[in-house]
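S.K.: Pasting in a structure now, in structure tokens, and then I'll have a few things to ask.
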Amino acid sequence: MDDKSSYDKISWWIRNNKVTASLIFIGAVIIALSTFTDAARNLLDVFQQEKRPDINGVWSAELEYDWPGSNYTETFVFEGEGEELHGTATFLKRKHIIQEGTLTNNRLEFITKTKEISSSWDSGESKEAIHHYSGKITDDGIQFIMQTEGGVSLHTPIEFTAKKIPDPVE
């Protein structure tokens, strides 16, 4: 009768078989290094945040809306940290609060809300219009597409580029 346990048998076989012992050792080292590098990468990701693009400040854009004679200079004031985005945006030169603003990598999105009044003399009805802004930060500025929903009439999407206004020198 054999009094050796399974552990003893495997241990004896590994000690007397150098190739198997070497392969087990190398495998253990590879697994340990892989686990360590993954853990280190995950730890670094916690401390390393994506740098926020420098958009805080005042921006200006020339817009041509989708009705005749509708050229306006609009102003955007962006504030926030990380992925948050808030501030103001003008629409037809009237200032409105930026809502639901986000900044992820080089893309920003937000909405503003206005009231549209029907041009019909009979009804004079007003409805809320929601302006969806989607922008991509480039070397030339922020390339925007603004789409309006709601209101009293349909509007086509408007493309424009906003340029940052330099801070005044104090």
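S.K.: Suppose every K and R has +1 on its Cβ and every D and E has -1 on its Cβ; what is the size of the dipole of the chain about the Cα centre, in Debye to the nearest 20?
M.R.: Here the chain has a charge dipole of around 780 debye.
S.K.: Just to be sure I understand: with springs between alpha-carbon atoms less than 10 Å apart, which residue in 90, 37, 104 has the highest mean-square fluctuation in the Gaussian network model of the chain?
M.R.: In this elastic network of the chain, the residue with the biggest mean-square fluctuation among 90, 37, 104 is 37.
S.K.: Which of rounded, prolate, oblate describes segment 6-47, given a ≥ b ≥ c as roots of the alpha-carbon gyration tensor eigenvalues and a/c under 1.5 marking rounded, otherwise prolate only if a/b is larger than b/c?
M.R.: The shape class here is prolate.
S.K.: Now for a different question. How charged is the neighbourhood of residue 138? Take every other residue with its Cβ under 15 Å from the Cβ of residue 138, and add Lys/Arg as +1 and Asp/Glu as -1.
M.R.: Summing Lys/Arg as +1 and Asp/Glu as -1 gives 0.
S.K.: Mind checking the angle between helix 18-47 and the chain's longest principal axis? C-alpha axes, 0 to 90 degrees, to the nearest 10.
M.R.: Between helix and principal axis, roughly 20 degrees.
S.K.: Can you tell me which of 97, 14, 145 moves the most in a GNM of the chain? Springs connect C-alpha atoms under 10 Å apart.
M.R.: Maximum among the listed residues: 14.
S.K.: For helix 6-15, what angle does its Cα long axis make with the longest principal axis of the chain, in degrees from 0 to 90 and rounded to 10?
M.R.: 90
S.K.: Order by neighbour count: 72, 7, 65, fewest other Cβ atoms within 10 Å first, most last.
M.R.: 7, 72, 65
S.K.: Can you give the local net charge around residue 78? Use residues other than it whose beta-carbon is closer than 15 angstrom to its beta-carbon, Lys and Arg +1, Asp and Glu -1.
M.R.: Combined, the nearby Lys, Arg, Asp and Glu give -3.
S.K.: Given a Förster distance of 22 Å, report the FRET efficiency between residue 127 and residue 72 from their Cβ-Cβ distance, rounded to the nearest 0.05.
M.R.: So the FRET efficiency works out to roughly 0.55.
S.K.: Summing +1 for each Lys or Arg and -1 for each Asp or Glu, what net charge is found among the other residues whose Cβ lies under 9 Å from the Cβ of residue 158?
M.R.: -3
Readers should treat all values here as calculations from the given coordinates under stated rules, not as data from a laboratory. Just so it is clear, the structure is predicted and the values come from calculations on it, not from any experiment. Positions of Cβ are backbone-derived with ideal geometry, glycine not excepted, and every protein chain shown enters the neighbour counts.
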